[in-house]
Amino acid sequence: MAVVGAGAAGMMCAAVAGQRGRRVVLIDHFSRPGEKIRISGGGRCNFTNTGTGPENFLSNNPGFCRAALAAYTPRDFIALVERYRIGYHEKHRGQLFCNDSSESIIGLLRAECGLAGVQVRSPLRVDSLSLDGGAFHLITSGGPIASAKLVIATGGLSIPKIGASDFGYRIARQFRLPVVEPRPALVPLTFAPEVWRDFAPLAGVALPVSISTARFAVGPGPGQFDEDLLFTHRGLSGPAVLQISSYWEQKEPLVVDLVPNQPVSKLLRQAKEASRQDLGNVLAQWLPRRLALGWLATQIPLGEALADRKIAEISNKSIDQISKHIKSWQIIPSGTEGFKKAEVTRGGVDTRHLAAHSMEALQQPGLYFIGEVVDVTGWLGGYNFQWAWASAVAAGRAI
Ligand SMILES: Cc1cc2nc3c(=O)[nH]c(=O)nc-3n(C[C@H](O)[C@H](O)[C@H](O)COP(=O)(O)OP(=O)(O)OC[C@H]3O[C@@H](n4cnc5c(N)ncnc54)[C@H](O)[C@@H]3O)c2cc1C
């Protein structure tokens with residue numbers, strides 16, 4: 001069998017199939033396969049999330065990922081990591097990172113491929129692919145390769161300079177599998193210069209928020225995240241914004257609670273009774289001071305003047321108006337930082353045309369799609385690697 005793409009999913013699948021006795025050739029066009037693993041998690045690879053479930057993924061076919069995730073769980077990958085004596089720790093909400101370096105995960109995958117006798121060919125370019133006599137024929141920069149089974153593990157479009165390509169989508173279309181429009185996800189959001197002019201001076205301010213888009217602003221659940229938000233010179237970033245970017249649709253407002261879990265209106269009214277402070281200083285108890293003052297000036301008519309007024313002198317109507325803005329700040333991004341900065345690609349090969357237990361194309365026996373090339377996109381926090389491992393193992397065990 002041939003596997004195209006030697007990233008997280010491709011290496012895992014090659015190793016599993018090879019250890020089941022299959023003869024495997026693993027092809028990558030990039031000189032340093034596994035590069036995305038190397039740069040992941042700030043160099044420490046957030047290799048799984050102990051709380052992984054189907055609800056942590058976006059897809060046009062939400063139930064599809066269930067079978068593969070259940071058949072190969074975070075516990076299974078952790079057991080492999082422990083077998084290789086790789087030290088790891090939990091950073092935040094089930095997110096597991098290597099103690100030392102993501103190189104150890106690449107080392108693990110290479111070792112597993114080595115044990116399985118996988119033949120790795122990289123860099124090797126695939127120029128064309130055809131199906132003839134029940135076998136796939138790949139014309140490559142290193143000569144022809146024929147194989148009865150073919151696994152496409154070429155990932156998404158994020159970070160083109162380290163090998164991302166649209167190869168997987170082209171192969172899907174060649175075999176008449178629809179592709180859900182690929183779009184940048186887990187990506188900073190940008191704003192029109194005239195909208196952002198007033199916020200740009202806040203670059204560097206970070207704070208915990210609750211964020212959603214207008215469609216999801218109804219309370220906890222998918223599409224609503226409690227995470228940190230970061231102001232930048234061009235727009236908004238930080239985990240909160242990366243998470244919501246995967247759900248955001250063009251022209252849709254973000255809805256941000258800048259002081260989550262606090263009844264701001266009640267607290268401001270109490271402060272009005274008890275405090276001689278000006279409004280800016282009162283707000284600075286809950287918000288970073290630069291934000292409290294800068295944000296007030298941009299949001300409320302005469303807000304700049306209000307910031308310096310004693311809270312005792314501000315009407316209850318104005319207090320309610322300010323609280324409403326703080327609890328439900330709405331702002332419309334103009335776009336994203338694009339595939340150059342996106343951690344993942346949302347969309348991909350339409351899973352309604354794949355078998356959930358094996359990742360095999362329903363109308364093309366012998367052709368498999370695994371990992372990020374498929375329309376299954378995880379939240380930030382180790383979910384994308386867990387999908388890469390689980391979908392790879394599903395195919396590797398089925399072939
Ligand atoms: C900066 C960054 C940090 C991240 N951090 C995390 C994290 O900590 N935790 C997490 O869960 N996820 C993280 N991700 C996402 C995660 O890296 C991906 O979801 C995962 O690598 C997908 O695995 P894959 O094997 O499907 O694709 P990839 O790992 O992208 O591998 C695809 C492989 O296919 C090769 N390829 C592409 N086109 C061709 C072609 N035409 N011919 C031959 N080979 C080809 C590429 O060179 C590459 O080696 C991060 C992503 C980025 C960009």
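Here are the numbers:
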| quantity | calculated |
| --- | --- |
| Criterion: at pLDDT 95 or above, in contact with a Leu (Cβ under 7 Å, 6 or more places away or on another chain) and among the aromatic types (Phe, Trp, Tyr) - qualifying residue of Phe175, Phe167 | Phe175 |
| Wholly within the range 40-143, helices (runs of 4 or more DSSP H) carrying at least 1 residues that are under 17 Å from Asn384 (Cβ atoms) and more than 15 Å from the ligand (Cβ to nearest atom) | 65-71, 74-83 |
| Candidates Gly382, Gly348 - the one that is in contact with a strand residue (DSSP E or B) (Cβ under 9 Å, 6 or more places away or on another chain), under 17 Å from Leu177 (Cα atoms) and among the small types (Gly, Ala, Ser) | Gly348 |
| The range 38-75, subset farther than 14 Å from Cys98 by Cα, in contact with a helix residue (DSSP H, G or I) (Cβ under 9 Å, 6 or more places away or on another chain) and hydrophobic (A, V, I, L, M, F, W, C), residue surrounded by the fewest Cβ atoms within 10 Å (Cβ to Cβ) | Ala70 |
| Qualifying position, being under 30 Å from Arg234 (Cα atoms) and of a type in the set (Gly, Ala, Ser), among Gly133, Gly168, Gly163 | Gly163 |
| Residue list for the range 338-362, restricted to those being within 17 Å of Val151 (Cβ to Cβ) and polar (S, T, N, Q) | Thr351, Ser358 |
| Odd one out for Gly155 among (1) assigned to a loop (DSSP other than H, G, I, E, B); (2) more than 14 Å from the ligand (Cβ to nearest atom) | (2) |
| Residue match in the range 102-110 (condition: aliphatic (A, V, I, L, M), modelled with pLDDT of 95 or more, touching a Phe, Trp or Tyr at 6+ places or on another chain (Cβ under 8 Å) and assigned by TED's automatic domain parsing to the domain that holds Arg20) | yes |
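Yes/no matrix, rows are residues, columns are (1) free of Cβ contacts under 8 Å to residues at least 24 places away in the same chain; (2) of a type in the set (Val, Ile, Thr):
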| residue | (1), (2) |
| --- | --- |
| Asp166 | yes, no |
| Tyr169 | no, no |
| Glu181 | no, no |
| Pro184 | no, no |
| Leu189 | no, no |
| Ala192 | no, no |
| Val195 | no, yes |
| Pro208 | no, no |
| Ser212 | no, no |
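The values are calculated or read from the model by the stated rules, or taken from the named source; none is laboratory data. Predicted model, so just to flag it, every value in this text is computed and none were measured. A quick note on method: Cβ atoms are made from the backbone with ideal geometry, for glycine too, and the neighbour counts reach across all protein chains shown.
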